[in-house]
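Engineer: Provided herewith is a single structure, encoded as structure tokens, for subsequent inquiry.
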Amino acid sequence: MAENRVFTAWDYVVFASMLLISTAIGIFSALKHGRTGQGTTEEFLVGSRQISAYPIAFSLAASFMSAIAVIGYPAEVYNTGLNVLMLNISRFFTMIFVCLIYIPLFYRLNIISTYEYINRRFGRVVRYQIVCSFMVYMFFYLGIVTYTPSFALSQVTGMDMWISVVITGLVCTLYTTLGGIKAVIWTDVFQLCIMVIGLVAVLIQGSIHVGGFGKIWNIAKNGNRTDIFDFDLDPRKLYTTWSVGIGAVFGWVSIYGCNQVQVQRYLACKSEREAIKAVMLNLVGIIVLFTLSCLCGLVMYAVYETCDPIKMNRVSTSDQLTPLLVVDLFDQMPGFPGLFVASAYSGTLSTISSGISAMAAVAVEDFLKPIWKPWAQLSSRKKTLVSKLLAMTFGLTTIGLAGVSSLLERSVIQATLTFEGLILGPMLGVFTLAALFPKSNGKGACVAWFVGVAFSMWIGIGGLIYPRSREFSELLETSTAGCLEANATTSTPVNVTSMLTTLIPTKQEERPDIADNLYAISFYYYSPIGCLSTIFVGLIVSMLTGGTENVDPCLIAPIVHTIYKYVFKNKLNTSIPETSDNLITIPVPKQSSKGCVDSPVLSPIKSTRI
């Protein structure tokens, strides 16, 4: 069983201070705008598109990393080594794709919900396929990120789990409802700083405890924890250069390219250029935070080099390793365990508040506006009030969803990445069809979404029914040689970083061949499988059903027009105005509010002679 440590008064003071400051930011944001307040839904949901790049960058990084960075990745490095650092390269390519394709497309359309774009491109049926996928994903995801850190911390620190869950949900709901997107963004900035401080404190104290970071590195190197590259082509290995470096790109492009949680933030920027700047600065923040968390994993291995807490039964899951490390390192330093708990919960708060705001935006833009006819007659104040009530409802629902997540027995990284791959992969496929393939149509996208989801779910559910065999385990060796023999356990080590949920008990001889092949592939491949299968089927069905003629050029990514001009020396078969043969133009026509609009900085882009 896990060791319960009781928090001191100073620990509670530090933790409570973080919650109070987060709440105060929301109240301040509401009071600052006093009379005008969130007078319109656009002000409440995207801050009237007047927020600068720097706070948006911090917010993007904070909501993306969440408790995964603080709790999950150090434990992952402890178990599998630094090969997860390849994710930094994936993030770089992700941001490049987002800046080239999705930001110019969405920002110039002047939309709040990304799914409004799908409606204009493929029709209402496909729109609600994607909207429902998003809502299902967010409900499960918010439940996981609320419950997991609360459970891990309660098992080690002695904090009551459900009290912390309720407090987390209420605080997020309060400042998101009061302050809108601006409160979410500025609390994210504060919470990201707390996350960094918590990880740096662990890194410094761990280095002092072990005898310097150089010694930590040597211990990790001797334990095979410092190897980053693995070029094994076997897709069943969880962490290789290919699975982490390539497969993860699809998952993160789906988050930054078609997930309302992230897109809503950069759409709140002052201009298209500011949005691109925010996304690239966000990359720097994520790399710093992620690298710190991985280095804390090396600290963890150096501290527990000869006495593995899991084998010694001090903790029951890998998610509890990081909190245990903190209470061991700061046992004689009151207040510092509270700082780490504040760090972990800062990640949770930022993710939950971002999710609440995004779901409120989707509910307004994709359900109330197009479906509920009385919406158009409501005053701006009433519309904003409805938006706030929706945000409050989703926040309170998150608390209940944490109870559902308690039924899952997987690590936080496994759970989040699995859900992302199974649901967001097909969503990215539909968005890619819409943005990059002018001939694709609604029929193709509709059928493709069903096929992509079915294919992804088949593999994902198969992986749950038939967990990965021990021969595919990638856990590195740990030791109990330095532990007291009286405390040693003779139980067989459990692969805590692989999928642990078994829906149907099976005997080894009953496992079909597919269980050790297709079902055993790395969860990083779920997103590319869902995305590519959706694109392939969508193109085939679109071709068989006649494709699309004269697509509105605003609905095709500007980069596609540029490629056609440079490579094919002609223009797309759309309603783009005629241009001279020796001119290259990225079309951004001035249209009505239902069309695309000029970016305040980048548009219109002047034609250049070649």
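The values are calculated or read from the model by the stated rules, or taken from the named source; none is laboratory data. As the structure is a prediction and not an experimental result, all values here were calculated from the model. Cβ: placed from backbone, ideal geometry, glycine included. Neighbour counts: every protein chain shown. Note: accessible area is taken over every heavy atom of the protein model, side chains too, but ligands, DNA and RNA are not part of it. Shrake-Rupley method; radii C 1.70, N 1.55, O 1.52, S 1.80 Å.
Engineer: For TRP242, state whether it is at pLDDT below 90, of a type in the set (Phe, Trp, Tyr) and not in a loop (DSSP other than H, G, I, E, B).
Structural biologist: Values: at pLDDT below 90: yes; of a type in the set (Phe, Trp, Tyr): yes; not in a loop (DSSP other than H, G, I, E, B): yes.
So TRP242 passes the test.
Conditions (1) among the aromatic types (Phe, Trp, Tyr); (2) under 30 Å from GLY452 (Cα atoms); (3) free of Cβ contacts under 8 Å to residues at least 40 places away in the same chain, marked per residue:
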{"site": "ALA201", "(1), (2), (3)": "no, no, no"}
{"site": "SER207", "(1), (2), (3)": "no, no, no"}
{"site": "GLY211", "(1), (2), (3)": "no, no, yes"}
{"site": "ASP227", "(1), (2), (3)": "no, no, no"}
{"site": "ARG236", "(1), (2), (3)": "no, yes, no"}
{"site": "LYS270", "(1), (2), (3)": "no, no, no"}
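Engineer: Regarding SER271, is this residue polar (S, T, N, Q), under 30 Å from CYS132 (Cα atoms) and crowded, with 24+ Cβ neighbours inside 10 Å? Explain how you work it out, then say what you get.
Structural biologist: Working: polar (S, T, N, Q): yes; under 30 Å from CYS132 (Cα atoms): yes; crowded, with 24+ Cβ neighbours inside 10 Å: no.
Judged against the criteria, SER271 is not a match.
Engineer: When the residues of region 155-213 are narrowed to those that are among the small types (Gly, Ala, Ser), in contact with a helix residue (DSSP H, G or I) (Cβ under 7 Å, 6 or more places away or on another chain) and open to solvent by 10 Å² or more (accessible area, probe 1.4 Å), which ends up modelled with the highest pLDDT? Talk me through it step by step, then tell me what you get.
Structural biologist: Taking region 155-213 first, the residues among the small types (Gly, Ala, Ser) are 158, 164, 169, 179-180, 183, 198, 201, 206-207, 211-212.
Of the ones still in play, those that are also in contact with a helix residue (DSSP H, G or I) (Cβ under 7 Å, 6 or more places away or on another chain) are 164, 169, 179-180, 183, 198, 201, 206-207.
Filter once more, keeping what is open to solvent by 10 Å² or more (accessible area, probe 1.4 Å): 201, 207.
Details: ALA201: 90, SER207: 93.
Checked region 155-213; the qualifying residue modelled with the highest pLDDT is SER207.
One line per residue, one yes/no per condition, for (1) part of a loop (DSSP other than H, G, I, E, B); (2) in contact with a Lys or Arg (Cβ under 7 Å, 6 or more places away or on another chain):
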{"position": "GLY247", "(1), (2)": "no, no"}
{"position": "VAL263", "(1), (2)": "no, no"}
{"position": "GLU274", "(1), (2)": "no, no"}
{"position": "PRO309", "(1), (2)": "yes, no"}
{"position": "LEU324", "(1), (2)": "no, yes"}
{"position": "ASP328", "(1), (2)": "no, no"}
{"position": "ASP331", "(1), (2)": "yes, no"}
{"position": "PHE340", "(1), (2)": "no, no"}
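Engineer: Still on this structure, I have one more. Test GLN264 against the criterion of being under 16 Å from the mean Cα position of the chain (by Cα), at pLDDT below 90, open to solvent by less than 10 Å² (accessible area, probe 1.4 Å) and farther than 22 Å from CYS193 by Cα, and give yes or no. Working first, answer last.
Structural biologist: Values: under 16 Å from the mean Cα position of the chain (by Cα): yes; at pLDDT below 90: yes; open to solvent by less than 10 Å² (accessible area, probe 1.4 Å): yes; farther than 22 Å from CYS193 by Cα: no.
Taking the combined requirement at face value, the residue does not satisfy it.
Engineer: Please work out if ASN550 is open to solvent by 20 Å² or more (accessible area, probe 1.4 Å), modelled with pLDDT under 90 and in contact with a Ser or Thr (Cβ under 6 Å, 6 or more places away or on another chain).
Structural biologist: Numbers: open to solvent by 20 Å² or more (accessible area, probe 1.4 Å): yes; modelled with pLDDT under 90: yes; in contact with a Ser or Thr (Cβ under 6 Å, 6 or more places away or on another chain): yes.
Spelling it out, ASN550 is indeed open to solvent by 20 Å² or more (accessible area, probe 1.4 Å), modelled with pLDDT under 90 and in contact with a Ser or Thr (Cβ under 6 Å, 6 or more places away or on another chain).
Engineer: Give region 196-237 a look and list any residue that's hydroxyl-bearing (Ser, Thr, Tyr) and in a loop (DSSP other than H, G, I, E, B), or say none.
Structural biologist: Looking only at region 196-237, we keep the residues that are hydroxyl-bearing (Ser, Thr, Tyr), and these are 207, 226.
THR226 - this is the single residue of region 196-237 that is hydroxyl-bearing (Ser, Thr, Tyr) and in a loop (DSSP other than H, G, I, E, B).
Engineer: So which of ALA61, ALA24, ALA53 is modelled with pLDDT of 80 or more, buried (at least 18 other Cβ atoms within 10 Å of the Cβ), under 18 Å from ILE352 (Cβ atoms) and of a type outside the set (Ser, Thr, Tyr)? Working first, answer last.
Structural biologist: Values: ALA24 fails: buried (at least 18 other Cβ atoms within 10 Å of the Cβ); ALA53 fails: under 18 Å from ILE352 (Cβ atoms).
So the residue among ALA61, ALA24, ALA53 that is modelled with pLDDT of 80 or more, buried (at least 18 other Cβ atoms within 10 Å of the Cβ), under 18 Å from ILE352 (Cβ atoms) and of a type outside the set (Ser, Thr, Tyr) is ALA61.
Engineer: Give me the residue from region 87-100 that is open to solvent by 10 Å² or more (accessible area, probe 1.4 Å) and touching a helix residue (DSSP H, G or I) at 6+ places or on another chain (Cβ under 6 Å) and, out of that set, farthest from GLY223 (Cα to Cα).
Structural biologist: First, pick out the residues of region 87-100 that are open to solvent by 10 Å² or more (accessible area, probe 1.4 Å): 88-89, 92-93, 96-97, 99-100.
In the following step, the residues that additionally are touching a helix residue (DSSP H, G or I) at 6+ places or on another chain (Cβ under 6 Å) were identified as 88-89, 93, 97, 99-100.
Working: ASN88: 23, ILE89: 24, PHE93: 31, PHE97: 37, CYS99: 39, LEU100: 41 Å.
The residue in question is LEU100.
Engineer: Which residue is most open to solvent (accessible area, probe 1.4 Å), if the candidates are limited to region 300-332 and must be within 19 Å of SER343 (Cα to Cα) and of a type in the set (Asp, Glu)?
Structural biologist: ASP331
Engineer: GLU474: surrounded by fewer than 17 Cβ atoms within 10 Å (Cβ to Cβ) and either more than 30 Å from ASP552 (Cβ to Cβ) or at pLDDT 75 or above (or both), yes or no?
Structural biologist: On the way: surrounded by fewer than 17 Cβ atoms within 10 Å (Cβ to Cβ): no; either more than 30 Å from ASP552 (Cβ to Cβ) or at pLDDT 75 or above (or both): yes.
Taking the combined requirement at face value, the residue does not satisfy it.
Here's the yes/no breakdown for (1) at pLDDT 85 or above; (2) open to solvent by less than 40 Å² (accessible area, probe 1.4 Å); (3) within 28 Å of VAL184 (Cβ to Cβ):
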| site | (1), (2), (3) |
| --- | --- |
| GLU365 | no, yes, yes |
| SER379 | no, no, yes |
| THR384 | no, yes, yes |
| PHE394 | no, yes, yes |
| ILE399 | no, yes, yes |
| SER405 | no, yes, yes |
| THR418 | no, yes, yes |
| LEU428 | yes, yes, yes |
| ASN441 | yes, yes, no |
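Per-residue answers, yes or no, for (1) under 14 Å from ASN259 (Cα atoms); (2) outside any loop (DSSP other than H, G, I, E, B); (3) within 17 Å of the chain's Cα centre (by Cα); (4) of a type in the set (D, E, K, R):
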{"position": "LEU87", "(1), (2), (3), (4)": "no, yes, yes, no"}
{"position": "SER90", "(1), (2), (3), (4)": "no, yes, yes, no"}
{"position": "PHE93", "(1), (2), (3), (4)": "no, yes, yes, no"}
{"position": "LEU100", "(1), (2), (3), (4)": "no, yes, no, no"}
{"position": "LEU105", "(1), (2), (3), (4)": "no, yes, no, no"}
{"position": "ARG108", "(1), (2), (3), (4)": "no, yes, no, yes"}
{"position": "TYR115", "(1), (2), (3), (4)": "yes, yes, no, no"}
{"position": "ASN119", "(1), (2), (3), (4)": "no, yes, no, no"}
